[in-house]
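J.: Just passing along the structure, written as structure tokens.
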Amino acid sequence: MANSLDDVVSGALRVLDEFGLEFCSMRRVAGQLGVQPSALYHHVPDKQTLLALMADRIVRDVEVGDDPAKAAHALREAMLAVRDGADVVATASAFRLGDSRIETELAALTSPDLARTLLLYVFGHTQATQMHRQAAQVGILAEDPDLDASFDRGLALILR
């Protein structure tokens with residue numbers, strides 16, 4: 001049975017969860033799906049497109065609404081829910097790949113500059129949080145109990 005685009009994105013996210021972004025290759029995704037790597041190219045032209053689709057999937061349930069702080073928290077939680085989720089979403093955003101719905105909605109609510117600044121802050125803090133938590137999980141360093149509170153403090157500075 002042939003895989004759909006949704007299957008390819010789901011397989012890529014499973015590889016991401018198991019191996020992390022550094023080892024999330026087209027070859028590994030194909031292996032996850034039990035196909036040859038060339039079969040993936042029927043659905044996506046390249047890894048960058050797959051990365052954009054993965055980022056879109058990670059943030060698809062994030063709603064901006066009328067509260068930028070609430071949206072920032074929802075975005076952070078969505079990225080934290082997936083191993084290296086912040087790296088995937090930040091990379092796709094930096095290369096302007098995939099859906100920019102969240103930035104567009106934040107810009108309409110605030111301003112384009114504030115929306116971009118807010119997103120860059122959320123991406124950066126979430127990436128640092130994910131790296132710290134992964135390092136703490138393997139015993140490299142102690143868990144930092146201030147990560148969530150420091151996110152809130154920085155968010156308040158940006159949104160005042």
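J.: Evaluate the following for VAL15: is it hydrophobic (A, V, I, L, M, F, W, C) and in contact with a His (Cβ under 6 Å, 6 or more places away or on another chain)?
T.: no
J.: Taking segment 26-60 only, how many residues are open to solvent by less than 40 Å² (accessible area, probe 1.4 Å) and without any contact (Cβ under 8 Å) to a residue 24 or more places away in the chain?
T.: Within segment 26-60, residues that are open to solvent by less than 40 Å² (accessible area, probe 1.4 Å) and without any contact (Cβ under 8 Å) to a residue 24 or more places away in the chain number 3.
J.: Shifting gears a bit: I'd like the full set of residues that are surrounded by 13 or more Cβ atoms within 10 Å (Cβ to Cβ) and free of Cβ contacts under 8 Å to residues at least 12 places away in the same chain, limited to segment 135-147.
T.: Correct list: ALA135, ALA136.
J.: Which residues, taken from segment 66-112, are open to solvent by less than 70 Å² (accessible area, probe 1.4 Å), of a type in the set (Lys, Arg) and over 12 Å from the mean Cα position of the chain (by Cα)?
T.: The one that is open to solvent by less than 70 Å² (accessible area, probe 1.4 Å), of a type in the set (Lys, Arg) and over 12 Å from the mean Cα position of the chain (by Cα): ARG101.
Residues checked against (1) under 27 Å from ALA108 (Cβ atoms); (2) assigned to a loop (DSSP other than H, G, I, E, B); (3) out of contact with any Ser or Thr (no Cβ under 8 Å at 6 or more places or on another chain):
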site: VAL35; (1), (2), (3): no, yes, yes
site: PRO45; (1), (2), (3): no, yes, yes
site: LEU50; (1), (2), (3): no, no, yes
site: LYS70; (1), (2), (3): yes, no, yes
site: ARG76; (1), (2), (3): yes, no, no
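The values are calculated or read from the model by the stated rules, or taken from the named source; none is laboratory data. Because the structure is predicted, anything quoted here is derived from the model rather than measured. Note that we place each Cβ from the backbone using ideal geometry, even for glycine, and neighbour counts take in every protein chain shown. All accessible areas refer to the heavy atoms of the entire protein, side chains included, with ligands and DNA or RNA removed. Shrake-Rupley method; radii C 1.70, N 1.55, O 1.52, S 1.80 Å.
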